[in-house]
1. Of the residues that sit in the range 102-120 and are under 27 Å from Asp175 (Cβ atoms) and at pLDDT 95 or above, which one is surrounded by the fewest Cβ atoms within 10 Å (Cβ to Cβ)?
2. Go through the range 175-222 and count every residue that is among the small types (Gly, Ala, Ser), exposed (fewer than 15 other Cβ atoms within 10 Å of the Cβ) and at pLDDT below 95.
3. Go through the range 154-169 and give me each residue that's in a strand (DSSP E or B) and closer than 20 Å to Val25 by Cβ.
4. Between Ile140, Ile124, Ile129, which is closer than 16 Å to Ile43 by Cβ and exposed (fewer than 15 other Cβ atoms within 10 Å of the Cβ)?
5. Would a scan of the range 35-58 turn up a residue that is of a type outside the set (A, V, I, L, M) and in contact with a Phe, Trp or Tyr (Cβ under 8 Å, 6 or more places away or on another chain)?
6. Among residues belonging to the range 190-213 that are among the aliphatic types (A, V, I, L, M) and under 16 Å from the mean Cα position of the chain (by Cα), point out the one that is farthest from His47 (Cα to Cα).
Amino acid sequence: MEGMHCYSLPNAEHLQVLALESGPVATNGYMLLDMSQACAIIIDAPHESVHVFSSFAAEKGVKIKALWLTHSHWDHTADAEHCAEKKWDILVHPLDAYRLLDQQAHTVWPLPFKLGNVQPTGMINHGDILFCGGWNCEVIHTPGHTEGGVCFVDHEHSCAFVGDTLFAGSIGRTDLPGGDTETLLSSISKSLMPLPKDTIVFPGHGPLTTIGEEQLNNPFLQ
């Protein structure tokens, strides 16, 4: 499928990342798979992404267990209601939960499709450790794009799933409700830039990058 890429980790070939660009504003959703333990989780659920993730998981004989949300803007949560229908756990930072509870009220502009309300099954906070087989991700609270925006960092495998906190050559927008430029820059500086330079950054939009690349070339961070 166009817009879908599968990455294997060089130091752990049983761990894979399926990256899918989906929805009207080309949002990246990710599925983290452990092939050896036949389990997976999804990070963010753009519009029309869950059926693709589900089909891929079924083809691989892997069971999806949860949806982890980097934040609750509609383009990252549009398919969350389908995750709820499948009885997957849905985890979000408490400061961002309110958008899930009344999605249509927080779209900013009208959408050509209806969003269903979603009740999270759990709340995640800074410093929490989330597991999926061999994946071991620390929750890092990085407010600024939204109040409860988080990144999921697997330190062992040098991966960071950063939502709309950081992009290749840019940062998340801060002109939407809940955004603040100074707060976002502080989050990036304190929580992401100290990570090892070879950490692979999986952003919410656009191509992959690394922490080292952004330290050197991101104009917002100079």
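The values are calculated or read from the model by the stated rules, or taken from the named source; none is laboratory data. This one's a predicted model, so the numbers in the text were calculated from it and none came from an experiment. When we count neighbours, we look across all protein chains shown, and the Cβ atoms used for this are built from the backbone with ideal geometry, even at glycine.
1. Keep residues of the range 102-120 that are under 27 Å from Asp175 (Cβ atoms), which gives 102-118, 120.
Within this subset, residues satisfying the condition of being at pLDDT 95 or above are 118, 120.
Numbers: Val118: 26, Pro120: 21.
Filtering the range 102-120 for residues that are under 27 Å from Asp175 (Cβ atoms) and at pLDDT 95 or above, the one surrounded by the fewest Cβ atoms within 10 Å (Cβ to Cβ) comes out as Pro120.
2. 0
3. From the range 154-169, those in a strand (DSSP E or B) are 154, 159-163, 166-167; that's our starting set.
Phe161, Val162, Gly163, Leu166, Phe167 - these are the residues of the range 154-169 that are in a strand (DSSP E or B) and closer than 20 Å to Val25 by Cβ.
4. Only one candidate passes the filter, namely Ile129.
5. The initial filter retains those residues of the range 35-58 that are of a type outside the set (A, V, I, L, M), namely 36-37, 39, 44, 46-49, 51, 53-56.
If we keep only those that are in contact with a Phe, Trp or Tyr (Cβ under 8 Å, 6 or more places away or on another chain) as well, we get 44, 47.
Yes, the range 35-58 contains at least one residue that is of a type outside the set (A, V, I, L, M) and in contact with a Phe, Trp or Tyr (Cβ under 8 Å, 6 or more places away or on another chain).
6. Of all residues in the range 190-213, those among the aliphatic types (A, V, I, L, M) come to 192-193, 195, 200-201, 208, 211.
Next cut, under 16 Å from the mean Cα position of the chain (by Cα) only: 192, 200-201, 208.
Details: Leu192: 28, Ile200: 25, Val201: 22, Leu208: 20 Å.
The selected residue is Leu192.
Rundown of residues vs (1) in contact with a Cys (Cβ under 8 Å, 6 or more places away or on another chain); (2) without any contact (Cβ under 8 Å) to a residue 60 or more places away in the chain, yes/no style:
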| position | (1), (2) |
| --- | --- |
| Ile90 | yes, yes |
| Pro94 | no, yes |
| Asn117 | no, yes |
| Ile129 | yes, yes |
| Gly133 | yes, no |
| Ser158 | no, yes |
| Ala168 | no, yes |
| Thr174 | no, yes |
| Leu185 | no, yes |
